[in-house]
Amino acid sequence: MDGETFRHWAHEAATFAADYRETLRDQPVRARTKPGEIAAQLPESPPEEAEPMAALFEDFRRIIVPGMTHWQHPRFFAYFPANASPASVIAEMLSSAMGAQCLLWQTSPAATELEGVALDWLRQAVGLPADFTGVIQDSASSATLCAFLTMRERALGFTGNATGLSGRERLRVYASAEVHTSIDRAAWVSGIGHDNLIRVRTTGPLRGMDPAGLEAAIAADLAAGHRPAGLVLCVGGTGTGAIDTAPELIRIAHRHGLFVHVDAAWAGTAMICPEFRDLWAGVEAADSIVLNPHKWLGVQFDCSAHYLRSVDDHLRTLSIQPEYLKTHGHDDITNYSEWTVQLGRRFRALKLWFVLRAHGLNGLREMMRNHVRWSQALAARIAAEPGFALASTPVLSLFTFRHDPGDGRDLDAHMLAMLTAINDGGDLYLTPTRIDGHLAIRFQAGAMETTEGDVDAAFQIIRDTARALS
Ligand SMILES: *Cc1c(COP(=O)(O)O)cnc(C)c1O
């Protein structure tokens, strides 16, 4: 592609990006596409000859865009947000333009140095102490996998990578049932095994891990000859926003030599607001913490911040050049590919830096505070409606609810029918969760473009749908 053609289509892409954002409100939030419908419009084999960019662009608009669910939509209240603030999109275009590879310092010195600086800014912003050092991972799932590998290696005296796990005592990791499925998969992939991921019971309205349950589980494992290796705490669980209260759990874990990883993928970035920090008070004693700027904070996916207390344990586990450790801390060179499972690394720090500067912490705080206020007001309004009840206590901008028409019908089926009607309507997008075996509807406000009016509209639609189906 010659320079002029590239310039032309790069401009077209920028125009698409701006138009897309401006017209998003008029689109249905969730794609109205049936399985297989998009693939059926595409040729089965690749082209032998070059096609003009105009044809590619035309097919993108005609076939692909209508098959997308719009995560930037102001009425996206499903899952968790995946905000792509325009500033982060621009940074991503720039990084893509350079095709940057950030595996070693020398392969992109500015990327490495900016990663250190941007992550330290974010550390200060969320109020973590200076003894935490960060690395950008592609996702929280990868950060959690690295934490499981470090747990494993610490428990095995850093011999597991060399000799494998067969014939060894069982390593045990403790978590509640509220943790994300990435914790289950980290147990599988790290070789620790799902049977060795022990679910500790939860208590209280925030469904946090019961310290006595953790003590009892560790004692039972020690008595059985197993080796307790790690504890995973959840700050803002996916289903209902469950919160494990850190200080006592971490004290117990450290008394038994466990490595403690905190999954705050969603809620962690909200700690830029000091008034929310009670939710994770005590996490500064943990060994590893993950939070996702690619969720609420507005950094275009993907960008996951992984903070470590001991970089040496992490590198002893992951670094492919053990001799490199000898110089760690003694020179100014960091090679981040030694800190992650994959070798090649994207230039993700650029978009984190752009977002922090383009919005300022105050701009980001204002967005989050609005979401929390609007969402909690909506929870109170829904709870006051006849037939409605909250199914879990609101945590930040997340709550869950149920509706009962009072005629003895199957309530799970009724909840599903409500969700289907709401989501097929296209004006909102909500997702379900299961609480104590029963289906509930989840609501979270987190999209950057959401207004108080959108949350009001959600109330009307939820109430009217419940009435229509009663
Ligand atoms: C979103 C989320 C994850 C997974 O995040 P990825 O970055 O997509 O891997 C893990 N844990 C919690 C609590 C989450 O909210």
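The values are calculated or read from the model by the stated rules, or taken from the named source; none is laboratory data. Note that this is a predicted model, so its numbers are computed, not measured. Every residue, glycine among them, receives a Cβ derived from its backbone with ideal geometry; neighbour counts consider all protein chains shown. These accessible areas exclude ligands, DNA and RNA; they are computed on the full protein's heavy atoms, side chains included. Shrake-Rupley method; radii C 1.70, N 1.55, O 1.52, S 1.80 Å.
Here are some notes:
- Of all residues in the stretch 76-97, those satisfying the criterion of being under 19 Å from the mean Cα position of the chain (by Cα) and either open to solvent by 60 Å² or more (accessible area, probe 1.4 Å) or of a type in the set (Phe, Trp, Tyr) (or both) are Phe76, Phe77, Tyr79, Phe80.
- Glu338, sole failed condition from (1) within 30 Å of Thr112 (Cα to Cα); (2) surrounded by 16 or more Cβ atoms within 10 Å (Cβ to Cβ); (3) at pLDDT 95 or above: (3)
Residue-by-condition table, conditions (1) closer than 20 Å to Arg369 by Cα; (2) out of contact with any Lys or Arg (no Cβ under 9 Å at 6 or more places or on another chain):
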{"residue": "Ile198", "(1), (2)": "no, no"}
{"residue": "Pro211", "(1), (2)": "no, no"}
{"residue": "Ala219", "(1), (2)": "no, yes"}
{"residue": "Gly239", "(1), (2)": "no, no"}
{"residue": "Leu249", "(1), (2)": "no, yes"}
{"residue": "Glu275", "(1), (2)": "yes, no"}
{"residue": "Trp296", "(1), (2)": "yes, yes"}
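- Considering Lys351, Lys326, the condition of being out of contact with any Phe, Trp or Tyr (no Cβ under 8 Å at 6 or more places or on another chain) and either at pLDDT below 95 or open to solvent by 60 Å² or more (accessible area, probe 1.4 Å) (or both) is satisfied by Lys326 alone.
- Any chance Thr450 is assigned to a loop (DSSP other than H, G, I, E, B) and open to solvent by less than 60 Å² (accessible area, probe 1.4 Å): yes
- Subset tally (residues that are open to solvent by 10 Å² or more (accessible area, probe 1.4 Å) and in contact (Cβ under 8 Å) with a residue 12 or more places away in the chain) for the stretch 113-124: 6
- Condition check for Ile198: assigned by TED's automatic domain parsing to the domain that holds Leu145, under 19 Å from Thr433 (Cα atoms) and touching a helix residue (DSSP H, G or I) at 6+ places or on another chain (Cβ under 8 Å): no
- First in the stretch 429-442 and free of Cβ contacts under 8 Å to residues at least 12 places away in the same chain, second anywhere and assigned to a loop (DSSP other than H, G, I, E, B) and among the β-branched types (Val, Ile, Thr), Cβ under 8 Å, 6 or more apart: none
- Output for the stretch 295-309, where each listed residue is over 16 Å from Leu231 (Cα atoms) and open to solvent by 10 Å² or more (accessible area, probe 1.4 Å): Lys295, Gln300, Phe301, Asp302
- Pair list, Cβ < 6 Å and 6+ apart or interchain, from the stretch 267-286 residues that are surrounded by 21 or more Cβ atoms within 10 Å (Cβ to Cβ) to residues that are modelled with pLDDT under 95 and part of a helix (DSSP H, G or I): Val283/Ala246
- Members of the stretch 401-416 that are under 26 Å from Met68 (Cα atoms) and surrounded by 15 or more Cβ atoms within 10 Å (Cβ to Cβ): Met415
- Flag for Ala130 being more than 16 Å from the ligand (Cβ to nearest atom), open to solvent by 60 Å² or more (accessible area, probe 1.4 Å) and in contact with a helix residue (DSSP H, G or I) (Cβ under 8 Å, 6 or more places away or on another chain): yes
- Residues of the stretch 141-180 satisfying the condition of being touching a residue at least 60 places away in the same chain (Cβ under 8 Å) and open to solvent by 10 Å² or more (accessible area, probe 1.4 Å): Ser142, Leu145, Leu149, Arg152, Arg154, Ala155, Phe158, Asn161, Glu178, Val179, His180
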